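Each value in this text was obtained by applying a stated rule to the coordinates, not by laboratory testing. These numbers come from a predicted model, not from an experiment. Note: ideal-geometry Cβ built from the backbone for every residue, glycine included; neighbour counts use all protein chains shown.
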Amino acid sequence: MTMGRGLRAILLWLAASACWPAQAEPGVYQNRIVIGQSIGVTGPLSSQALQCAAGAKAYFSEINAQGGIYDRKIELLTRDDGYHVDAALANTEQLINVERVFALFGYAGWPGIEASLPAITKARVPFLFPCTGAPSLYGNFKRYVFTMRVGYGHEYRYLLKRFGRFGVKSVALVYQNNNFGRQLLSALEGQPETRSISLSLIEGDVKGNFPALIRRMMALHPDAVLLANGDPSINSAVVRGMHEAGYKGRFFGASVIGQRALADKLGPLSRGVIITQIVPSPWHVSIPLVSDYRKLMQSSGVTEFSFSSMEGFIAARVFVEALRRTGRNPTREKLIDALESINEHNFDHRGFPLNFSSTRHDGSDYVDTTVMAGDAAFIN
């Protein structure tokens, strides 16, 4: 007995309708919510980007295993931009206009983010919790942009304030004359913290004229070298070159320097490098949030903890809380309102307080320091 053509058509229609949006809202389907990200799966900063994505995906997988949010599972589309601006912009336009995601989440790579922000703002797509402290994300209020970490400028000012405690009176800061370097210097320019120390700004192409750069730095006899580049290979070359030249001072950096990759490249030479962190240490098991993170990562088969995957884990956790608050019929605007309602008094932050509001989308002020132990471990 064969199925009638009319019945077959009805069944096919029913099957297809399960994949249609429950309403006109982009990315919202009957059984899932689709969000997207563009990160450097390949390229010079892939290590940090992949770790951040891994922490988020581990948390989303746990939520999906429990049935999702209001019976919708979270689907994260990851697109590789190789840390190239044009690719990041193309990915963003594809995610917004073709794949029509509900929100953009967990981007990594400040140049691509900076290039994509105008298209994101124009489309009014929520842009949530990028794994970067790019200066362009901070300062001017942006309704569709939310961060849950401080910016790089905040991290470097934090270090400048505390140099006195470390006995540091003179600092050599090496920067590249690119957009990031200029934005960072602008964030530090005129800050009162810079008046308490002798701060020497060294501009140069550290890849093209590296020996000369080391000679200039050694001639300054600085108490400390401040690493201010996002490429771990460059930062490791600076540390190694200064050590080889006989430098006995200290090295500092912010989370942008790629601490895990730096530890891998330097090995024992990384011992004593002090880095700011924007999330709690994954080794502070007394913090409930850290304990949650470690258990989840271990159950996911991940045994290598990192600050970046902790960052992704926290970002996913906050996104899930916002989705719950939007109710059964989520919209992008409801998501914005839900995020703005989250604060340390009504959200179980478990050791990492966040405070959003209708006038504040930068949720965290948290900064701490950690010391690299020389064996890919970190001491807080």
Above-threshold pairs, the threshold being 24 Å between Cα atoms, out of Lys142/Lys334; Lys73/Lys142; Lys169/Lys265; Lys169/Lys248: Lys73/Lys142; Lys169/Lys265
Using 7 Å Cα-to-Cβ label points, what is the Asp337/Thr194 separation (nm, one decimal)? 4.3
Protection proxy ranking of 227-235, 71-79, 243-251 - average other beta-carbon atoms within 10 Å, highest first: 227-235, 71-79, 243-251
Which of [x] 19.9; [y] 24.1; [z] 21.6 is the computed mean projected area of the Cα convex hull in nm²? It is [z]
Calculate I(q)/I(0) for the stretch 212-272 by the Debye formula, one identical point scatterer on each C-alpha and no solvent, and give its log10 at q = 0.16, 0.28 Å⁻¹ to two decimals. -0.44, -1.33
Relative counts (whole %) of C-alpha pair distances in the stretch 102-169, using bins that are 10 Å wide: 19, 46, 18, 12, 4
Which one, Pro211, His243, Pro222, is farthest towards the positive end of the dipole of the stretch 203-280 when Lys and Arg carry +1 and Asp and Glu -1 on their Cβ? His243
Excluding residues on the same chain fewer than 8 positions from Lys295, give the lysines whose Cα lies under 20 Å from its Cα. Lys57
Can you give the Rg to Rh ratio of the stretch 249-333, both from alpha-carbon atoms, with Rh computed by the Kirkwood formula? 1.10
Taking the Cα centroid of the stretch 143-203 and of the stretch 294-343, what is the distance between the two, rounded to the nearest whole Å? 29
